[in-house]
Amino acid sequence: MIRVHAAVLSWYAANARELPWRAPDRTPWGVLVSEIMLQQTPVVRVQPVWHEWLRRWPRPADLAAEAPGEAIRAWGRLGYPRRALRLHAAATAIVERHDGAVPATYDELIELPGIGDYTAAAVASFAFGARHPVLDTNVRRVLARAVAGTQYPPTAPTAAERRRAEELLPDEQTAPTWAVAVMELGALICTAKTPRCGTCPIATVCAWRLAGSPPDDGPPRRGQPWHGTDRQARGRLLAVLRESTDPVPKHQLDTAWPESIQRERALDALVADGLVEPLDGDLFRLPTTTAN
DNA sequence: GAAGCGTGGGT
DNA sequence: TACCCAAGCTT
């Protein structure tokens, strides 16, 4: 296992992408913002939005002082806009509970809105140097192949995966770099569809590779439908509201989605989620105050 | 534990 | 063209 660590670490040293949230001048807040934005969203799309957010809101208190709707607007088209709302809520919680400083421990981080196991581990590790297993989709895929010998990891993280990640964790000095290096390997080499095994630093010890790269024998992964779904309708409605600084009359929202039943349901859900604020006179806008 | 939640680029 | 899928979280 020592050789595997050395191989991955030296590969990372030579091949790591230069990303702003990895730069020496990064802040814990910048790391936290990047991790939320990167949930289910590719790096190339996150970069420009991250820069704008950090320029505009360099500290948690700066974001907390804004209306939540501004976070949603600045989120742009990253997708899953609830993340913006929760990031705003997290900033508020950081001000209230932690005096405006991003907390350093996993246990404190995971108590913040929108932060689950992965993000808490990632921030603790990358921003504060903690020794903690970081199990994202990249790491899970790399370990599934290299160690378990399967093409894909299970649908949801299992105890066996955690144990594997735990066992591979190097000393505290190296753990954060190891975590980001395995992630990077999964993102650049050990990709989901067509892995670049020809340039993989651990191809010679990869259990899946050594077994002849057998295809996945698990249940087929179900893709999510999109066209005609409530999600698409919500996206259309929110796009109209993001583009307007003034409250939007309902008849204007009506043009965003043709099916009235579904449109009403989607709009109601957006209001219930706190992503949209209804006003008197059939007007709607992004929220100026925290809902609930 | 499964379902719901956005978006757009790659194949 | 239709999928697939990209640093998940919440209910």
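Applying 0.36 nm per residue to the separation of A:Ala269 and A:Asp246 and subtracting their alpha-carbon distance, the gain on full extension is 6.2 nm. Phi angles across region A:275-285 convert, under the Karplus curve 6.51 cos²θ - 1.76 cosθ + 1.60 with θ = phi - 60°, into 3J(HN,Hα) values of 8, 9, 10, x, 10, 4, x, 6, 10, 9, 7 Hz, Gly and Pro given as x. Peptides A:232-239, A:212-219 ordered by packing proxy, namely the average of other Cβ atoms within 10 Å per residue, highest first: A:232-239, A:212-219. Take the convex hull of the alpha carbons in region A:137-210; its mean projected area over all directions comes to 4.8 nm².
Of the solvent-accessible surface of region A:230-285, computed with a 1.4 Å probe and all protein chains present, 49% belongs to carbon and sulfur. Panel note: the C-alpha atoms of region A:17-128, placed on their principal axes, show extents of 33, 30, 24 Å (largest first).
Around the amide H of A:Thr191, modelled in the peptide plane, lie the amide H atoms of A:Arg196, all under 5 Å away and 5 or more residues distant in sequence or on another chain.
A 1.4 Å probe run over chain A, with the rest of the protein chains in place, finds 52 Å² accessible per residue. Summarising the amide proton neighbourhood of A:Ala130: residues at separation of 5 or more, or on other chains, whose placed amide H is nearer than 5 Å comprise A:Ser125.
In this structure, the amide hydrogen of A:Gly149, modeled 1.01 Å from its nitrogen in the peptide plane, lies closer than 5 angstrom to those of A:Ala207, A:Trp208, counting only residues at least 5 positions away or on a different chain.
Once you sort the root eigenvalues of the Cα gyration tensor of region A:229-268 as a ≥ b ≥ c, which label holds: rounded (a/c under 1.5), prolate (a/b larger than b/c) or oblate (the other case)? It is prolate, given that a/c is not under 1.5 and a/b is the larger ratio. Calculate the translational D of chain A in whole µm² s⁻¹ from Stokes-Einstein, where the hydrodynamic radius comes from the Kirkwood formula applied to all Cα pairs, the temperature is 25 °C and the viscosity 0.890 mPa s. Roughly 117 µm²/s, to the nearest whole number.
Considering helices alone, the calculated mean residue ellipticity of chain A at 222 nm is -15000 deg cm²/dmol, with DSSP H runs of length four and up weighted by -39500 (n - 2.57) and normalised per residue. Ranking A:Leu241, A:His251, A:Thr229 by Cα position along the charge dipole of region A:222-266, where only Lys, Arg, Asp and Glu carry charges on their C-beta atoms, puts A:Thr229 farthest toward the positive end.
Between A:Thr290 and A:Glu52, the FRET efficiency estimated from the beta carbon spacing at R0 = 22 angstrom works out to 0.50. If R0 is taken as 35 Å, the Cβ-Cβ distance between A:Asp216 and A:Thr41 corresponds to a FRET efficiency of 0.90. Fully extending the segment from A:Arg231 to A:Arg162, taken as 0.36 nm per residue of separation minus the present Cα-Cα distance, adds 21.6 nm. Between A:Ala23 and A:Ala101, the modelled labels are 2.4 nm apart [label points 7 Å from Cα along Cα→Cβ]. Computed from the Cβ-Cβ distance with R0 of 35 Å, the FRET efficiency linking A:Leu283 to A:Gln224 stands at 0.60.
The values are calculated or read from the model by the stated rules, or taken from the named source; none is laboratory data. These numbers were taken from a predicted model, which means no experiment stands behind them. Every residue, glycine among them, receives a Cβ derived from its backbone with ideal geometry; neighbour counts consider all protein chains shown. Side chains included, ligands, DNA and RNA excluded: accessible areas come from the protein's heavy atoms. Shrake-Rupley method; radii C 1.70, N 1.55, O 1.52, S 1.80 Å.
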